Every structure is written in structure tokens, then in C-alpha cells.
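The values are calculated or read from the model by the stated rules, or taken from the named source; none is laboratory data. Only a predicted model underlies this, so the values are computations on that prediction, with no experimental measurement involved. Every residue, glycine among them, receives a Cβ derived from its backbone with ideal geometry; neighbour counts consider all protein chains shown. Remember, those area values only see protein heavy atoms, side chains included, never the ligands or the DNA or RNA. Shrake-Rupley method; radii C 1.70, N 1.55, O 1.52, S 1.80 Å.
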Amino acid sequence: MTTVSGQHVSDYMHRQLEVVPQDTSVVTVATKMRTRSVGSVLIECFDRPHNDCRIAGIVTETDLVAKVLAPGRVPSRTSMADIMSSPLITIAPTRPMVDASHLMQSKNVRHLVVTEGTDVLGIISIRDLVRHFVDADGGPVQALTNVYRPLSVLMKTAIETIGSDETALEAAQRMADKHIGALFVMEAEELVGIITEGDLVRKLLAYQLDPLTLRVGALMNSPLVDIDINRTIRDASERMSAKRIRHLAVTDHEKVVGVLSIRDLVKMVAIRDRPDFLKRGSTT
């Protein structure tokens, strides 16, 4: 039987790393994210005093949207050194998965780099957390199984929207301002689709399209992928995994009443287990 406390970060981390030099351009990284279907890359820097290379930072889809598209930087002239997040937020491979959950929640990130001493062993994402906590018997997510309409407990009822005729630049700026990863798309006062950070990176940046002229309607995903409010948390997790998405529209009698993100599926884990996490310490 799988238990929450019985598995560690090393059991779920990805050992196959996407690493690029610090002088790699935004366009090259966006293309890699599209072709490899990844949401982050690690940045390798040349350490001149020691005459060797080291992993010094990370760049995610969020970085490309908030630090490149939203402020209007020229992607082909912007390198990873300009936008990478550093120092790395790390976690030891022996830490329980609940610690990874809390660390992501407290640092507001979706990826942690797994390290042992100075060695980078792998990376763990929020999707890995969902896979663990949803499947774990007796865990905090399973504890909500018998709650009436558990999705209503987790979802957000405030839905951020954007018109289909607005520009990709406006979408990027709104996501950056609101610190969100997706916007629902409106057309003729109806929700017709969703546009995400991933869409901006893989459909726009990777092809070097102009965010000032390209419209949201050309980039959005439509029709919406939704889930009925009466379905289970496992159903939501499986649908996100099957569709390779991080957001679901939640419907009640076929009307959209909220949005559920992959982060929402695990955030209560960090809240519930915060005292134990603080006792153990944050990263060691």
C-alpha cells in the first residue's frame, strides 16, 4: 500500500535534465520547450575561477512570459543569463514528497531542483506532486474523497478573462500582472477557450511571431476542456494528465462556475502539513 510518508522526492524526480548554456537565446529555449514538451530548462554557467561549468539557474514558461513577452523584450536578443531565476530552489532526494509540496507552495514555484551536496540529481514538478498525492492511500487528497463536491472546495470562482480579439502581448501582460498561468477567452460574451503561458511560449515565441499583432483567438485552445463539479479529484487529475494541461473549467449543469488548476489540487497538502515541515527544516 502506498502512503504519503513512505515515498521520497527521489522516487518521483526526473533524472533526464534539459540543460542549456547561459548565452542561449529565448527563441532557442522556447523551441526546445515545444519540441521536448517541457516547462523548464536548467541553465549552465561557466565558472571562470574554477574553470568548469555548473548549474546556476532555471528558466520556466512563466519566466519567458513575465520577463520577456510582458515587458516587450526582443526574444532573439535576450539570453538565459538575462532572465534565469537564481539561486536554485533545491530539495534533497531523501525528503518526503509533502516537503516538496510545501516548498513549492511557499516559494510559489512549480519546479524544484533535486540536489545532493553540489550535485544536481534531477528535477521534480508540481505534476509529479499531483501524481503522488492523488494516488497515495490515506493522504490529504484522498481525505477529500468523501467530501460533497470536493472540486468546489479546491476551485477558484474568480475567473480571469480576455477577449479573443485582444493581442498576445495584452494576454502576457495580464498573466504577469495577475501572477496567473492562464486566461479564459471571451467571444460574444461567452467563454470559448483558454490561453496559457505554454501557448504563448510554444505557439508564439518558438515561431518568432509578433505579440503586438497576433490575436488571442489565434492562440487559444478551444473548445474548453471541462469537468463537472460533481466529479472526483482523481477524475480531475486524470483528465489533466491525459490532456497534458494544467487548468480545467469546472461546470455545474454545463455552466462554467470556476477554474481548477494543477496547483489547486495539492495546495491543501502544504497548508495541512506546514507545522511538520517547519520542524524538519526547509531543504535539508
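A few remarks follow.
- Matching residues in the range 5-58 - criterion: being farther than 19 Å from Val114 by Cα and modelled with pLDDT under 90: Phe46, Asp47, Arg48, Pro49, His50, Asn51, Asp52
- Wholly enclosed strands (runs of 3 or more DSSP E) of the range 13-122 bearing at least 1 residues surrounded by fewer than 18 Cβ atoms within 10 Å (Cβ to Cβ) and among the aromatic types (Phe, Trp, Tyr): 40-47
- Of all residues in the range 243-257, those satisfying the criterion of being of a type in the set (D, E, K, R) and either under 16 Å from Glu189 (Cβ atoms) or surrounded by fewer than 17 Cβ atoms within 10 Å (Cβ to Cβ) (or both) are Lys243, Arg244, Asp252, Glu254, Lys255.
- Taken over the range 171-189, the criterion of being at pLDDT 95 or above, among the hydrophobic types (A, V, I, L, M, F, W, C) and open to solvent by 50 Å² or more (accessible area, probe 1.4 Å) is satisfied by Met186 alone.
- Condition check for Ala218: open to solvent by less than 30 Å² (accessible area, probe 1.4 Å) and either aliphatic (A, V, I, L, M) or assigned to a strand (DSSP E or B) (or both): no
- Selection count, the range 137-170, where residues are open to solvent by 20 Å² or more (accessible area, probe 1.4 Å), assigned to a strand (DSSP E or B) and modelled with pLDDT of 95 or more: 1
- Subset of the range 165-182 [in contact with a strand residue (DSSP E or B) (Cβ under 8 Å, 6 or more places away or on another chain) and farther than 10 Å from Val216 by Cα]: Arg174, Met175, Gly181, Ala182
- The range 226-262: number of residues that are assigned to a strand (DSSP E or B) and not hydrophobic (A, V, I, L, M, F, W, C): 8
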